[in-house]
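K.L.:
Before anything else, here's the structure in question.
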Amino acid sequence: MTASDSSTPTDFLSLWRQAFRYLVKIISDLRLAIILLLIIALFSISGTVIEQAETLPFYQKNYPESPALFGFLTWKVILLVGLNHVYSTWWFLSLLVLLGSSLTACTFNRQFPALKAARRWAFYQQPRQFEKLALSTQLDINTLSSIAPLLEKRGYKIFQENNSLYARKGIIGKIGPIIVHASMLMILGGSIWGALTGFLAQEMIPSGAAFQVKNIIEAGPLSTAQIPTDWGIKVNRFWIDYTPNGNIDQFYSDLSVINNQGQELDRKTIYVNQPLRYKGVTFYQTDWSIYAVKVQINNSPILQIPIAPLNTNGQGKIWGTWIPTKPDLSEGVSLLAKDLQGTMIVYDNKGNLYSAIRPGMAVEINGVRLKIHELIGSTGLQIKADPGIPFVYTGFALLMAGVIMSYVSHSQIWVLQEGDRCYLGGKTNRAQVSFERELLAILDHLLKTC
C-alpha cells in the first residue's frame, strides 16, 4: 500500500477547503479591489478617448502605423486588443466579474461579521475593562437608574443586566458599507448584463420612409431578444430649425412606432437629448443629411433623384446631384445644396454657374423647363438597447444612500455600578469630538442631578 493510497476523501476535502479559504482571502483583499478599480478606470478612460464602434477605415486614418500615437498605439493594436469596443470585450467583462467577486468575498468575510459584532450585546463586568477605553471615568454616585433615560433621549438603544448597562446607536453606520458593496455589485451586474444583451445600431432614414432595425454596429451575444422584429419605425417627417444667421438651431424627427401591418403603436417628435423609447429600445436624434430632390422636366412626371454628400475636405457639408435634361442622358445640369433651407445652385453642362433656385421655382436651361418641387431630408438615428441600465441606475441610487449611511457614527457606552462607585466609558468609530462632547454633557447632567 503506497502513501498515496492512504489518502482519504476527508483529506482531499480538507485540502479543498484550505485552498478555497486561501483563495477567498486573496480575493477579499482590499488592495486587490483597489488595483482592479484602477485598471477598470484606466480602460474606461481609454474607451472614452478612443472612438468606439467606428469603421475600419476610420481607425486606419486616425491611428496610422507611422507615426504611431504614443509610439505604439496603431489601428492594428486597437483592433487586436479590442479598444474599439472596450466595454464588451471578454477581458473587460472578466475584470468586472473579478471585482464583483472581490466585493462579495469582502462583504461576507468582513462587513457581515462587523455588523454581527456591532449588534451583539457586550456588558462590562469588571472595572479593569474600562481601562482600554479612550474615554472613561469613575463617579462616586449611584447613577445606573438615572443614566438610562438620558441615553434614550439621545437615541441610544439600552440593554441592561443586573448592575451593568450597555447602550449603542448608529448601527445604520455598520449597514452602510454593506449597502455600498451591494450597490456596486448591482452596478457591475447591470453593466455586464447590458454588454451581453444590449445592442447599438445606426440608421439614416429619409423623411416619409419606414424601416426595421438592421444596421447593427455592436451587439452582445444574448442580444437577439432585444432586436425588434415585430415592429418598426416610420419617419413621418424630418425638418430643421435654423437661426436668423443661417446656423442650425435644432433638428427634429416625427417618428411613429408601427407593427408589421403598418398600424401605429406610438408616436413622438424627437430631437437632441429628447429620444423615443419603446419596449426597451431608445431612438436618439444624432445626425441628418439630404436624401433626394424632387424635380419635373417640362411636363414629365415628378422625378425623385438621389443626392449625395460631396467631399469638401472639412470645409462644410455640401450635397450634389446631376439631373439629365435629355432622354438619352447626353446633357444635364448639376444641382448643389448645403442645407434644407431650400436655396440650391444650378450649374450648366459646362460647369458654369447658371442660377440659384428654391423649391417651387422653375428655370429654363438646355432648352427645357426644370422645376424643383422639394428637397427630401433624412434623419440620422442612433438606436440603442441596454437592459442593464435600470440595474445601474438603481445601483447608483443605493450607492449614494449607502455612502450617506456609512457616515453615521456607531457609538457605544458601557456603565458598571459597583456599590456607590459607577464606571462609565464609551467609544465611537468616527466623529470623535462630537462623541466626547455628548459624553461630557451626560456626565455634567448626572453630577448636577445626583
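K.L.:
How many residues does region 282-294 contain that are surrounded by fewer than 21 Cβ atoms within 10 Å (Cβ to Cβ) and not basic (Lys, Arg)?
P.N.:
Count: 6.
K.L.:
Within region 304-321, can one find any residue that is touching a His at 6+ places or on another chain (Cβ under 6 Å), assigned to a strand (DSSP E or B), surrounded by 12 or more Cβ atoms within 10 Å (Cβ to Cβ) and not hydrophobic (A, V, I, L, M, F, W, C)?
P.N.:
Checking region 304-321: not a single residue is touching a His at 6+ places or on another chain (Cβ under 6 Å), assigned to a strand (DSSP E or B), surrounded by 12 or more Cβ atoms within 10 Å (Cβ to Cβ) and not hydrophobic (A, V, I, L, M, F, W, C).
K.L.:
State whether one or more residues within region 338-353 are touching a Pro at 6+ places or on another chain (Cβ under 9 Å) and farther than 30 Å from residue 96 by Cα.
P.N.:
Yes, there is a match, as at least one residue in region 338-353 is touching a Pro at 6+ places or on another chain (Cβ under 9 Å) and farther than 30 Å from residue 96 by Cα.
K.L.:
Then there is this: Considering only region 191-200, I want to know if a residue exists there that is hydroxyl-bearing (Ser, Thr, Tyr) and within 30 Å of residue 380 (Cβ to Cβ).
P.N.:
yes
So that you can scan it fast, the table gives a plain yes or no per residue for (1) touching a residue at least 40 places away in the same chain (Cβ under 8 Å); (2) touching a helix residue (DSSP H, G or I) at 6+ places or on another chain (Cβ under 6 Å); (3) among the hydrophobic types (A, V, I, L, M, F, W, C):
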site: 160; (1), (2), (3): no, no, no
site: 167; (1), (2), (3): yes, yes, yes
site: 187; (1), (2), (3): yes, yes, yes
site: 208; (1), (2), (3): yes, no, no
site: 217; (1), (2), (3): yes, no, yes
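K.L.:
A further question follows. Condition first: surrounded by 14 or more Cβ atoms within 10 Å (Cβ to Cβ), farther than 30 Å from residue 33 by Cα and of a type in the set (Ser, Thr, Tyr). Now tell me which residues in region 56-101 satisfy that.
P.N.:
Selection gives 59, 63, 74.
K.L.:
Residue check, residue 427 against (1) among the basic types (Lys, Arg); (2) in the same structural domain as residue 292 (by TED's automatic domain parsing); (3) surrounded by 15 or more Cβ atoms within 10 Å (Cβ to Cβ), all met but one. Which one?
P.N.:
(2)
K.L.:
Then there's this: Any idea which of 399, 416 is outside the structural domain of residue 224 (by TED's automatic domain parsing) and in contact with a Pro (Cβ under 7 Å, 6 or more places away or on another chain)?
P.N.:
None of the others qualify; the one that does is 416.
K.L.:
Go through (1) assigned to a strand (DSSP E or B); (2) farther than 25 Å from residue 388 by Cα and name the single condition residue 246 misses.
P.N.:
(1)
K.L.:
Being assigned by TED's automatic domain parsing to the domain that holds residue 233, buried (at least 17 other Cβ atoms within 10 Å of the Cβ), within 30 Å of residue 280 (Cα to Cα) and under 45 Å from the mean Cα position of the chain (by Cα) narrows it down to one residue among 192, 179, 205; which is it?
P.N.:
From the options 192, 179, 205, the qualifying one is 205.
The values are calculated or read from the model by the stated rules, or taken from the named source; none is laboratory data. Everything numeric in this text was worked out from a predicted model, so none of it was measured. All Cβ positions, even for glycine, are placed from backbone atoms using ideal geometry, and neighbour counts span all protein chains on display.
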